[in-house]
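Structure first, commentary second.
The numbers here are math on the coordinates, done by the rules we state, and not lab data. As the structure is a computational prediction, the values presented were derived from the model and not from experiment. Heads up, the Cβs are rebuilt from the backbone with ideal geometry, glycines too, and the neighbour counts pull from every protein chain shown.
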Amino acid sequence: MQKKEISIHIDDFPREIHEFFRGAKVYDSSSSKEMRVLYSDLGYYVKIGGKGLLKKEADMTRLFGQRGMGVEVAAYLSGDQDYLVTRCARGEDALHGLGDPERLCRSLAEAMRHLHASSIEGVPVSPCMELYARMGKANCLKQDTFIHGDFCLPNIMLDDGRLSSFIDVGMAGVGDRHIDIYWALWSLDYNLGTDRYADCFLEYYGKERVDKGILKIVAEVEAMA
């Protein structure tokens, strides 16, 4: 994740989150126009979005944290804008593992299997499923697995090759495992510049868990989204 040091005026932010900025160096690490993400070197990320847009992510981040797969939510405020403050995760995102693709595939597959084995009790349906409903494909997919919904390398935090936490979990919830599998394969291909490691990832995840027909449907829908 790229970080650019910036200057801020603390009074531009709600008083309730001043403690996360006071005396800190602050960096902009935003990667989209919809959300602004600031990093405080006190050990926090502050995500800023439109009113109500971060509630789902705040709720899911808490759920991941309760299950030992996420970061701590330090604060969530919703006023004219939403502010979500989380503690930094241990380790580094999976992009730092590109130098050893096979180990990276193993780490990602283990992280995904751990998530997919997690109970779906009390977990809401993933917003991803709305897309498949609009496309008339909902009946092709199952809703039986706890998925991330955006299982890309920057969203998987690893500590010495092992899962530390999942971040950016606003699309997480109950859905079809093939959505995560598709995004993991897409992200490996995109970041490694080759699809030669797709089979390696699937071997570690378990090819017997993958229905190539469903994976093809997911790929087609995501390409049209």
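General observations
- Evaluated with a Cβ-only charge set (Lys, Arg +1; Asp, Glu -1), segment 92-224 carries a dipole of roughly 400 debye about its Cα centre, given to the nearest 20.
- Entries in K25/K51; K51/K207; K137/K207; K33/K216; K3/K51; K25/K55 that, when Cα-Cα distance is taken, lie over 32 Å: K51/K207
- Extension gain for D12-E203 works out to 63.8 nm (0.36 nm per residue, less the C-alpha to C-alpha distance).
- With contacts taken as Cα pairs under 8 Å and at least 6 residues apart, segment 4-87 reaches a relative contact order of 22 percent.
- Taking N as its residue count, the alpha carbon Rg of segment 92-224 over 2.2 N^0.38 Å: 0.99
- Segment 1-117: Rg to Rh, with Rh as the Kirkwood radius over Cα pairs: 1.00
- Kirkwood-type radius of segment 20-72, with distances r between different C-alpha atoms, in Å: 12.2
- DSSP-assigned coil residues among GluC sites (Glu not before Pro) in segment 65-147, each with at most 11 further Cβ atoms within 10 Å: E121
- With R₀ fixed at 45 Å, the C-beta to C-beta distance from M224 to E72 puts the FRET efficiency at about 0.75.
- Residue of R162, R22, R106 that the Gaussian network model of the chain assigns the largest fluctuation, springs spanning Cα pairs under 10 Å: R22
- Radius 12 Å from Cβ of G50, net charge of other residues (Lys, Arg +1; Asp, Glu -1): +2
- Helix 177-192 vs. the chain, principal-axis angle (Cα, 0 to 90°, nearest 10): 70
- Within the chain: Cβ-based charge dipole about Cα centre, in debye rounded to nearest 20 (Lys, Arg +1; Asp, Glu -1): 200
- Across q = 0.16, 0.17 Å⁻¹, segment 116-181 modelled as identical point scatterers on its alpha-carbon atoms has Debye log10 I(q)/I(0) values of -0.53, -0.59, in the order of the q list.
- Label-reachable residues, segment 124-157, where backbone N falls under 17 Å from a point 7 Å from K216's Cα toward its Cβ: 137, 140-141
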